[in-house]
1. If you count, for every residue in A:20-30, the Cβ atoms of partner chains within 10 Å of its Cβ, what is the mean?
2. By the gyration tensor of its Cα atoms, with a ≥ b ≥ c the square roots of the eigenvalues, what is the shape of region B:82-181: rounded for a/c under 1.5, prolate for a/b over b/c, or oblate?
3. Averaged across A:117-123, how many Cβ atoms of other chains sit within 10 Å of each residue's Cβ atom?
4. Towards the positive end of the charge dipole of chain A, with charges on Cβ (+1 Lys, Arg; -1 Asp, Glu), say which of A:P75, A:G17, A:P30 has the farthest Cα.
5. Using the eigenvalues of the Cα gyration tensor, what equivalent ellipsoid semi-axes result for chain A when each is taken as the square root of five times the eigenvalue, whole Å, largest first?
6. Take the alpha carbon gyration tensor of the protein assembly as shown, find the square roots of its eigenvalues, order them as a ≥ b ≥ c, and report rounded if a/c is under 1.5; if not, report prolate when a/b exceeds b/c, else oblate.
7. List every residue whose amide H lies under 5 Å from the amide H of B:G44, counting only residues 5 or more places away in sequence or on a different chain, with H placed 1.01 Å from N in the peptide plane.
8. Could you please report the charge total around B:G44, scoring K, R as +1 and D, E as -1 over all other residues with beta-carbon less than 11 angstrom from its beta-carbon?
There are 2 protein chains.
Amino acid sequence: MKNYEEKTLSSETIYEGKIISLRVEDVELPDGNHAKRELVKHPGAVAILPITADGKLVLVEQYRKALDRTLVEIPAGKIDHGEEPKITAIRELEEETGYGAKEFTYIQSFATSPGFADEIIHLYLARELYEIEEPALGDEDEFIGLLEVTIEEAEAMVKNEQIFDAKTAFAIIYAKNLLQK
Amino acid sequence: MKNYEEKTLSSETIYEGKIISLRVEDVELPDGNHAKRELVKHPGAVAILPITADGKLVLVEQYRKALDRTLVEIPAGKIDHGEEPKITAIRELEEETGYGAKEFTYIQSFATSPGFADEIIHLYLARELYEIEEPALGDEDEFIGLLEVTIEEAEAMVKNEQIFDAKTAFAIIYAKNLLQK
């Protein structure tokens, strides 16, 4: 790969919050000119694609203030400081769905908004699900509904934009390819 | 769907920048308790899945300051104020790759980081590509390399995390299913 790196000339922290922080940097471009970069720092997150024994996907329904609408997504959550992503994923699956999984495997990681944020999502596949008798409770500021849908139903929800989220769209098409094998 | 809406009690604008802005809101949760939401506002973006006549994907290589690394992605760019997303997509394809497309169709839209940002990406499929003789130049602060890869090469790049971006991972698996038909 070529090197298009941008050298930081100065960096100003605008905000340091509970979850994200914002800094603005002046950078030197490969041609020597300068530009401004607005950069959001995020602790990273996990997402889980849970598939039941009869091939259904477990999805969660959650109001998202940033978009001012309720979204249907695969279970997900941000990584606590220093936490191993797989541990976060097991915890979030339990808190958001009440399920544990006998088979828990890594799929892949990706950046969600590389143009302005460093958020990386680590995606896991959870199979051989079982109901946990007294599941741990999630964040007290999260209100979540549960859905179990077939692949065909999930695909229809993507088409009609009831599912409207990149990680979930990827997970559904991934699950389709997996279950067709 | 149930209503998990969060009512805004107060909103403070922390930063208004060239591309993004940041506000912090106090909200009332469905159970009457209060919580704080850190929200990034973004103008929205387009991404294009360009497939050549011989079934190759056209990808761009670009340094991303937020992640401090070079990423390989499908062509993408933010929507200028008031611009129709399809027009943005046609423009970005030309600026970033030098290609025009005789067939330009909408695939779908999705939120990229619904936990903290309102960014929505509108994804288009571009086929029957032709080289534009004197393509318009892109943003002067963008330095971009071009790659044309087979689906198998693209899949390998996802596996080894050279491709490390949610919209691109989705586009590649979408292209695979499309070309296998």
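1. On the way: counts 8, 2, 8, 1, 3, 2, 0, 3, 0, 5, 3.
Averaged over the peptide's residues, the number is 3.
2. Numbers: a/c = 1.38, a/b = 1.11, b/c = 1.24.
Judged from the Cα gyration tensor, region B:82-181 comes out rounded (a/c under 1.5).
3. Details: counts 11, 6, 8, 3, 4, 0, 2.
Per residue, the number of nearby Cβ atoms from other chains is 5 on average.
4. A:P30
5. Details: eigenvalues 231, 70, 50 Å².
Gyration-tensor ellipsoid for chain A: 34, 19, 16 Å.
6. Verdict is oblate for the protein assembly as shown.
7. For B:G44, whose amide H was placed from the backbone, the distant partners under 5 Å are B:I79, B:I120.
8. Numbers: positive: B:K41, B:K78; negative: B:D80, B:E83, B:D118, B:E119.
Counting the neighbours of B:G44, the net charge comes to -2.
Bear in mind these aren't lab numbers, they're just calculated from the coordinates by the rules spelled out. This structure is a prediction, so every number in the text was calculated from the model and none was measured. We place every Cβ from the backbone using ideal geometry, glycine too, and count neighbours over all the protein chains shown.
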